[in-house]
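K.L.:
Questions regarding the structure given below will be posed in turn.
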Amino acid sequence: MTEYGYGGGVGGEPGRTHVSVAGLRARGWTPGMVRRLLGEPDLLRPNPVSPAAPRTRLYRLDRVEAAERGEEFRAASATAARRSATARAAAYRRRREVLIRIVAEPIEVPRLTPGRLTQLATEYRRRVEGGGTKGRPGEARAPSTAGDAPSTAGEAESDGPGTLDRWKVAYLRHRLARYDELPAELGNGPGRAGAEALLRRRVYDAIRQAYPGLAAECARQLSVPERREGGPPER
């Protein structure tokens, strides 16, 4: 006979006498309801996944079912359902507000001469490959000395146009990293990935409009998975 089950605990299941916390959660119990209506567990068993983890709390199924038939459980369940619905509605409104802001926010791409963009993109590459980009994305300062131009130009020519375009787009995205704060407002909650994808499309489109010669590279980078800011551009 099965004495208890870690993952479930559905009422009426033959041979089951105890319910785990996960089983209670599946039945609609919240941690507060468990503390208030059930109190201390009836059994403590070693965690089946990791013996070093806290022991698994088990509650007698007959005691759980008796509590579920009570008025206090029904009232608490209704309150929990209302709070859950309110939280979902608030999260939806927050996602909607962030998406509206991402759509409406002007993406201001730095306008640079071809030579200056080549220089700054090459300097940015040096900092990235040398581990020199520190702090928050977008904070690394661009070089301002014109004396570096001859060496960076020669380096760019040896790389070829494809590599240079990758680093130009990477540098411009680095300069636009402040916009990443918009989807970050959603934390790790639902909708974050969609907001980031929308912002990413907008940023690449803004770069393409500002620098039509980088349109193909923007399209290529947009078609591959995102990489963290400060790393090498997608290849």
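The values are calculated or read from the model by the stated rules, or taken from the named source; none is laboratory data. Note that this is a predicted model, so its numbers are computed, not measured. So basically every Cβ, Gly included, is an ideal-geometry build from the backbone, and we count neighbours across all protein chains shown. What goes into the accessible areas is simple: the full protein's heavy atoms, side chains included, and nothing from ligands, DNA or RNA. Shrake-Rupley method; radii C 1.70, N 1.55, O 1.52, S 1.80 Å.
K.L.:
Which ones in region 164-197 are surrounded by fewer than 16 Cβ atoms within 10 Å (Cβ to Cβ), at pLDDT 80 or above and either over 15 Å from the mean Cα position of the chain (by Cα) or not acidic (Asp, Glu) (or both)? Break it down stepwise before answering.
P.N.:
Step one: filter region 164-197 for residues surrounded by fewer than 16 Cβ atoms within 10 Å (Cβ to Cβ), giving 178, 181, 184-185, 187-190, 193-194, 197.
Those left that are additionally at pLDDT 80 or above: 178, 181, 184, 193-194, 197.
Within region 164-197, Arg178, Ala184, Ala193, Gly194, Ala197 meet the criteria.
K.L.:
Going through region 16-31 one residue at a time, which ones are farther than 14 Å from Arg57 by Cα and touching a residue at least 40 places away in the same chain (Cβ under 8 Å)?
P.N.:
Within region 16-31, Arg16, Arg27, Gly28, Thr30 qualify.
K.L.:
May I ask you to list the residues in region 89-112 that are assigned to a helix (DSSP H, G or I) and loosely packed, with under 11 Cβ neighbours inside 10 Å?
P.N.:
Initially, region 89-112 is screened for residues assigned to a helix (DSSP H, G or I), giving 89-104.
Correct list: Ala89, Ala90, Arg93, Ile100, Val103, Ala104.
K.L.:
What pairs come out if I take residues in region 48-59 that are of a type in the set (Ser, Thr, Tyr) and pair them with residues that are open to solvent by less than 50 Å² (accessible area, probe 1.4 Å) whose C-beta lies under 6 Å away, six or more apart or interchain?
P.N.:
So the pair list comes out as Thr56/Ser20; Thr56/Asn47; Tyr59/Val19; Tyr59/Leu38; Tyr59/Pro41.
K.L.:
Can you work out which of the residues in region 122-144 that are under 25 Å from Asp205 (Cβ atoms) and at pLDDT 90 or above is surrounded by the fewest Cβ atoms within 10 Å (Cβ to Cβ)?
P.N.:
Val128
K.L.:
Still on this structure, please answer the following. Anything in region 56-80 that is open to solvent by less than 30 Å² (accessible area, probe 1.4 Å) and assigned to a helix (DSSP H, G or I)? List them, or say none.
P.N.:
If we filter region 56-80 for residues that are open to solvent by less than 30 Å² (accessible area, probe 1.4 Å), which is where we start, we get 56, 58-59, 61, 64, 67, 70, 73, 76, 80.
Those that are open to solvent by less than 30 Å² (accessible area, probe 1.4 Å) and assigned to a helix (DSSP H, G or I): Leu61, Val64, Ala67, Phe73, Ala76, Ala80.
K.L.:
Give region 87-121 a look and list any residue that's at pLDDT below 90 and acidic (Asp, Glu), or say none.
P.N.:
Glu97, Glu105 - these are the residues of region 87-121 that are at pLDDT below 90 and acidic (Asp, Glu).
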